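The values are calculated or read from the model by the stated rules, or taken from the named source; none is laboratory data. Only a predicted model underlies this, so the values are computations on that prediction, with no experimental measurement involved. Positions of Cβ are generated from backbone atoms using ideal geometry, with glycine treated the same way; all protein chains shown enter the neighbour counts. Just so you know, the surface numbers come from the protein's heavy atoms only, side chains and all, with ligands and any DNA or RNA stripped out. Shrake-Rupley method; radii C 1.70, N 1.55, O 1.52, S 1.80 Å.
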Amino acid sequence: MNQLHHVDSHLCITFNKTSHNILIRNFFKGISRLGDGVFWYSFMALMLCLDQARALLPVCHMIAAGLIGTLIYKWLKVRTLRPRPFNVYQQISLRSIPLDQFSFPSGHTLHAVIFSMVAIHYYPMLATALIPFTILIGLSRPILGLHYPSDVLVGGLIGMLISIISFYII
């Protein structure tokens, strides 16, 4: 377990070093900001405008799965209390303002995976845009010094699990 923590920390520091380049830093700050919800809520509104009544089920599905994701990730954050990497390692530069105090799991990644998987389930043609966007959101978190790679990985896995379960329920 100690070896995994060491690899996780080393990867986090390595990812974060790329943020010393202002173009990389600003690109991933923009991606991360979109992952705060701006993109996803705008996307759902656009779905309703373009596809009208047919988009109602996909949008409601995205909202319901997203709410479950929020409950689970907030519950985990207050249970694990994992400090953010920039609070632990002085080599890590904070490049964006965190939304909360703790690191585990990545809520941005969890929600990006949920929203992407649900949207792609109803609109498969969106995969070519949403999959790379979701990957960029996940990458942005350690690059900006906000999360360890393991936070991103677990957030993504939880998002996948919530999405898969939701397909059986809805």
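Some values worked out for this structure:
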{"quantity": "Check on Y89, at pLDDT below 95, closer than 25 Å to I22 by Cβ and either hydroxyl-bearing (S, T, Y) or under 12 Å from the mean Cα position of the chain (by Cα) (or both)", "calculated": "yes"}
{"quantity": "Matching entry among H108, H61 (being out of contact with any Cys (no Cβ under 8 Å at 6 or more places or on another chain) and open to solvent by less than 10 Å² (accessible area, probe 1.4 Å))", "calculated": "H61"}
{"quantity": "Selected residue (only one of L23, L11, L50, L34 is part of a helix (DSSP H, G or I) and farther than 19 Å from L139 by Cα)", "calculated": "L50"}
{"quantity": "Test for A127: is it in contact with a helix residue (DSSP H, G or I) (Cβ under 9 Å, 6 or more places away or on another chain), of a type outside the set (F, W, Y), surrounded by fewer than 19 Cβ atoms within 10 Å (Cβ to Cβ) and under 25 Å from L46 (Cβ atoms)", "calculated": "yes"}
{"quantity": "Selected residue [in a helix (DSSP H, G or I), closer than 23 Å to Y89 by Cα and not hydroxyl-bearing (S, T, Y)] from F43, F39, F28", "calculated": "F28"}
{"quantity": "Residue in region 69-78 that is loosely packed, with under 15 Cβ neighbours inside 10 Å, touching a His at 6+ places or on another chain (Cβ under 8 Å) and within 17 Å of V38 (Cα to Cα) present", "calculated": "yes"}
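One line per residue, one yes/no per condition, for (1) of a type outside the set (S, T, N, Q); (2) at pLDDT below 95; (3) over 30 Å from N2 (Cβ atoms); (4) assigned to a loop (DSSP other than H, G, I, E, B):
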{"site": "I72", "(1), (2), (3), (4)": "yes, no, no, no"}
{"site": "V78", "(1), (2), (3), (4)": "yes, yes, no, no"}
{"site": "S93", "(1), (2), (3), (4)": "no, yes, no, yes"}
{"site": "I114", "(1), (2), (3), (4)": "yes, no, yes, no"}
{"site": "I131", "(1), (2), (3), (4)": "yes, no, yes, no"}
